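The structure appears right after this line, and notes come after that.
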Amino acid sequence: MTRNLLSIDDLTVSEIEHLIALSGRLKADLKARRPHAWLSGRTLAMIFEKPSLRTRVTFETGIHQLGGDAIYLAPGDIQFGQRESVADIAKNLSCWVDVIVARTFSHSSLVELADASTIPVINGLTDLLHPCQVLADCFTLSEVRGDISKLNVVFVGDGNNMVHSWLYAAAKLGFDFTLVCPAGYEPDPEVLERARKNAKSTLSVTCDVEEGTAGADVLYTDVWASMGQEAESERRKKVFAPYQVNAQVLANAADNVIVMHCLPAHRGEEISAEVVDGPHSIIVAQAENRLHLQKALLAWLLEAPEAM
Ligand code: CP
Ligand code: NVA
């Protein structure tokens with residue numbers, strides 16, 4: 001059966017643990033200059049409806065490092081869902097390439113693409129979810145803290161695609177997760193309910209910054225206006241102003257709090273420059289680990305024997 005990675009919720013706990021362990025192995029091998037040609041002759045098609053630095057470069061570099069090739073399809077190239085149907089794109093790409101990563105606006109377009117494809121489809125971010133980022137972040141946290149199941153991860157900001165993927169990750173991996181957000185910017189209630197249904201941990205939502213961030217082990221934030229919400233930027237700047245991750249919020253968290261951000265960051269908006277560039281921040285390690293986690297994901301979905 002062809003496996004996709006559309007949501008962290010599609011993975012079992014042991015599959016997530018396997019991907020994290022494999023990422024660690026691939027990272028160590030890259031640093032030791034031990035090359036792997038596990039995906040020699042395989043091709044990745046990269047469909048992007050939105051801009052990207054990290055997702056694009058890490059997937060493209062990642063498949064090259066594993067001996068494969070990538071074809072980047074920029075927003076204007078195939079005019080996803082406009083020039084022809086999503087199903088026709090899926091059926092055509094399935095004849096020529098081995099795996100697709102897609103960054104789409106609507107999550108349902110990604111599901112449509114996956115349903116009509118006979119090759120694995122990876123979610124490179126939709127309006128609903130960003131699983132590759134959060135899987136890489138769990139890998140980064142496990143490197144920094146070892147066992148992550150006892151952590152209290154606090155996300156300050158919008159109840160967006162990042163938060164939805166964090167909710168699923170927390171439910172699976174057993175750490176507590178709190179979203180601190182302004183009223184009206186809570187996560188999708190269906191995602192919250194689905195995550196809570198099988199969660200062993202506590203998944204909370206509060207509007208109170210002081211209460212929500214008290215003793216946090218991890219403080220995470222993201223832009224206030226996601227891609228596609230640019231027209232709401234000015235209004236959101238006003239609503240979210242009390243929700244900036246800054247020195248005052250940091251002082252309310254655990255002494256050894258870890259500060260994370262998926263990037264791109266807007267210094268002076270969702271996070272102060274002193275915090276995002278300060279000693280608690282691990283943002284560069286997070287970005288680096290997108291490469292290793294996604295190499296693990298590609299090799300596993302394409303069933304490279306060494307990755308199973
Ligand atoms: N964090 C992340 O996905 O970055 P890009 O939008 O640059 O890919
Ligand atoms: N929530 C952000 C994440 C960017 C990586 C967005 O969707 O634009």
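Before moving on, here are some points about what is shown:
- The residue pairs whose first member lies in region 256-273 and is assigned to a loop (DSSP other than H, G, I, E, B), whose second member is among the acidic types (Asp, Glu) and within 13 Å of ligand 1 (Cβ to nearest atom), and whose beta carbons are closer than 6 Å, counting only pairs six or more residues apart or on different chains, are Cys262/Asp222.
- Residue within region 61-84 that is modelled with pLDDT under 95 and within 16 Å of ligand 2 (Cβ to nearest atom) present: yes
- Qualifying residue in region 186-193 (condition: more than 19 Å from the chain's Cα centre (by Cα), more than 16 Å from ligand 1 (Cβ to nearest atom) and within 30 Å of Asp255 (Cβ to Cβ)): no
- Within region 139-150, the set of residues being touching a residue at least 12 places away in the same chain (Cβ under 8 Å), under 20 Å from Glu15 (Cβ atoms) and not hydroxyl-bearing (Ser, Thr, Tyr) comprises Phe139, Leu141, Glu143, Ile148.
- Looking across region 39-78 at every residue that is part of a loop (DSSP other than H, G, I, E, B), within 16 Å of ligand 1 (Cβ to nearest atom) and among the aliphatic types (A, V, I, L, M), the one that is surrounded by the fewest Cβ atoms within 10 Å (Cβ to Cβ) is identified as Leu53.
- The number of residues in region 202-233 being away from ligand 1 (no atom under 16 Å from the Cβ) and touching a residue at least 40 places away in the same chain (Cβ under 8 Å) comes to 10.
- Taken over region 127-154, the criterion of being outside any helix (DSSP H, G or I) and away from ligand 2 (no atom under 11 Å from the Cβ) is satisfied by Gly146, Asp147, Ile148, Ser149, Lys150, Leu151, Asn152, Val153, Val154.
- Among the residues of this structure, Ala285 counts as one that is within 14 Å of ligand 1 (Cβ to nearest atom), surrounded by fewer than 19 Cβ atoms within 10 Å (Cβ to Cβ), under 20 Å from Trp166 (Cα atoms) and not acidic (Asp, Glu).
- Under the condition of being among the polar types (S, T, N, Q) and either in contact with a helix residue (DSSP H, G or I) (Cβ under 7 Å, 6 or more places away or on another chain) or assigned to a helix (DSSP H, G or I) (or both), the residues counted in region 79-92 number 1.
- Residue that is surrounded by the fewest Cβ atoms within 10 Å (Cβ to Cβ) [pool: residues in region 201-231 that are more than 12 Å from ligand 2 (Cβ to nearest atom) and part of a helix (DSSP H, G or I)]: Ala231
Residues are listed down the side, and each one gets a yes or a no for (1) more than 19 Å from Ser201 (Cα to Cα); (2) more than 12 Å from the chain's Cα centre (by Cα); (3) buried (at least 24 other Cβ atoms within 10 Å of the Cβ):
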{"position": "Cys138", "(1), (2), (3)": "no, no, yes"}
{"position": "Ser142", "(1), (2), (3)": "no, yes, no"}
{"position": "Asn161", "(1), (2), (3)": "yes, no, yes"}
{"position": "Thr178", "(1), (2), (3)": "no, yes, no"}
{"position": "Gly184", "(1), (2), (3)": "yes, yes, no"}
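The values are calculated or read from the model by the stated rules, or taken from the named source; none is laboratory data. Computed from a predicted structure; not experimentally measured. Note that each Cβ is placed from the backbone with ideal geometry, even for glycine, and that neighbours are counted across all protein chains shown.
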